[in-house]
Amino acid sequence: MITQSFKARPSRLPQPRVYVLPTRFGAAFVAVSLLTLVGCINYLLSLGYALTFLLLSVWVVCAVHASRALTGAAVSVTPPERAFAGHPLTLGLALSGPGLDTQPLGVRAGPVMTWLEGQAGSAAGPLTLPPLERGPQRLGSLRLEGHDPLGLWHSTLYPQTDQEGMPLPAEVLVCPAPEEHAPPPPLATQTGLAAATRRTAGDEEVHGLREYRPGDAPRRIAWKQAARRGTLLTRTYDAPQAAALALDWPLTAPAGDAEARLSRLCAWVLEAERRGCEFSLLLPGARLERASGDAQVRRALELLARHERPFPPPLPRRRWPRLSGRSA
């Protein structure tokens with residue numbers, strides 16, 4: 001019995017199509033060329049034929065250049081770490097492709113367009129989108145655009161993956177805009193001796209002594225103890241640890257409507273992050289226990305952004321040519 005072993009081939013995503021269309025200038029160019037051809041036929045101009053076919057050849061060759069401008073082009077999108085409602089959304093773009101060596105390539109997201117000029121086949125730059133509403137928001141399909149050196153043809157590419165083959169980000173989470181001049185966040189109720197004696201590094205009271213380290217300020221050196229022991233010693237200081245905050249929904253009633261209350265809570269969360277203290281968050285139907293750190297701030301901002309905001313439906317993708325549910 002003869003057996004054959006087949007190696008599993010890695011699955012590859014289909015390459016996106018490059019659509020090439022003439023620009024307005026390109027359409028006028030070919031129209032003039034055809035009119036010239038009609039005049040040559042009527043008046044039997046042999047040199048006019050040569051000029052007409054030369055113009056049409058340039059028109060066709062430029063179409064090839066326009067299609068090659070986006071061949072092998074790839075883009076990577078980096079969403080902002082934090083996005084707030086009412087503020088422009090800036091995406092980080094990294095574009096690569098052989099077409100960047102000869103001409104700039106454009107990246108369009110909705111109505112916003114930016115052109116990137118690169119060196120050695122790569123380019124990077126920002127793409128600023130208009131302000132978005134609070135909650136999870138869908139990002140429209142990105143579109144890469146190129147053209148030939150004469151501007152007769154316009155090529156379009158709709159990338160599905162980034163430079164590493166990963167899907168492009170499809171959504172961005174928009175947090176409520178932090179309230180300006182918000183009142184101080186409320187303190188959490190602390191009971192017991194341990195809550196009153198918690199200390200952390202600071203500059204208020206002397207905590208102890210340690211060996212001198214290069215770079216310590218001379219005013220912190222304990223000269224008397226150093227003279228007795230014969231080695232340099234540095235004083236260490238501490239201070240009472242920052243009190244925990246209780247960011248509760250009922251406490252934001254004076255702010256006004258729901259969006260204003262969320263804005264105040266967002267300002268309080270950012271203030272807690274600036275202080276580096278623990279905080280808890282209470283929302284209708286959601287609660288975040290007391291903690292601190294980047295993970296706590298990230299979870300709190302996510303709860304504020306998604307509060308009573310369902311996940312948006314997928315955006316309709318517009319492609320050319322438009323196919324009404326049937327394959328060509």
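Numbers for the structure displayed
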{"item": "Single unsatisfied condition, residue 125 versus (1) without any contact (Cβ under 8 Å) to a residue 40 or more places away in the chain; (2) surrounded by 15 or more Cβ atoms within 10 Å (Cβ to Cβ); (3) within 25 Å of residue 301 (Cβ to Cβ)", "result": "(3)"}
{"item": "Positions within the stretch 274-309 being of a type in the set (Asp, Glu) and over 22 Å from the mean Cα position of the chain (by Cα), in sequence order", "result": "278, 289, 308"}
{"item": "Any hit, the stretch 51-64, residues being surrounded by fewer than 17 Cβ atoms within 10 Å (Cβ to Cβ) and under 17 Å from the mean Cα position of the chain (by Cα)", "result": "no"}
{"item": "For residue 131: the one exception among (1) part of a loop (DSSP other than H, G, I, E, B); (2) modelled with pLDDT of 90 or more; (3) loosely packed, with under 13 Cβ neighbours inside 10 Å", "result": "(3)"}
{"item": "Flag if residue 295 is modelled with pLDDT of 90 or more and either loosely packed, with under 15 Cβ neighbours inside 10 Å or closer than 30 Å to residue 143 by Cβ (or both)", "result": "yes"}
{"item": "Residue satisfying all of: in the stretch 106-123; in contact with a Ser or Thr (Cβ under 9 Å, 6 or more places away or on another chain) and either acidic (Asp, Glu) or in a strand (DSSP E or B) (or both); nearest to residue 170 (Cα to Cα) among these", "result": "109"}
{"item": "Strands (runs of 3 or more DSSP E) contained entirely in the stretch 12-102, each with at least 3 residues that are in contact with a helix residue (DSSP H, G or I) (Cβ under 8 Å, 6 or more places away or on another chain) and more than 30 Å from residue 129 (Cβ to Cβ)", "result": "none"}
{"item": "Residue in the stretch 200-213 that is touching a Leu at 6+ places or on another chain (Cβ under 9 Å), of a type outside the set (Ser, Thr, Tyr) and either surrounded by 10 or more Cβ atoms within 10 Å (Cβ to Cβ) or modelled with pLDDT under 75 (or both) present", "result": "yes"}
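Per-residue answers, yes or no, for (1) modelled with pLDDT of 85 or more; (2) surrounded by fewer than 17 Cβ atoms within 10 Å (Cβ to Cβ); (3) in a helix (DSSP H, G or I); (4) within 40 Å of the chain's Cα centre (by Cα):
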position: 195; (1), (2), (3), (4): no, yes, yes, no
position: 219; (1), (2), (3), (4): no, yes, yes, no
position: 234; (1), (2), (3), (4): no, no, no, no
position: 237; (1), (2), (3), (4): no, yes, no, no
position: 252; (1), (2), (3), (4): yes, no, yes, yes
position: 268; (1), (2), (3), (4): yes, no, yes, yes
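The values are calculated or read from the model by the stated rules, or taken from the named source; none is laboratory data. Computed from a predicted model, the values in this text were never measured in an experiment. Cβ sites come from the backbone with ideal geometry, for glycine too, and all protein chains shown count toward neighbours.
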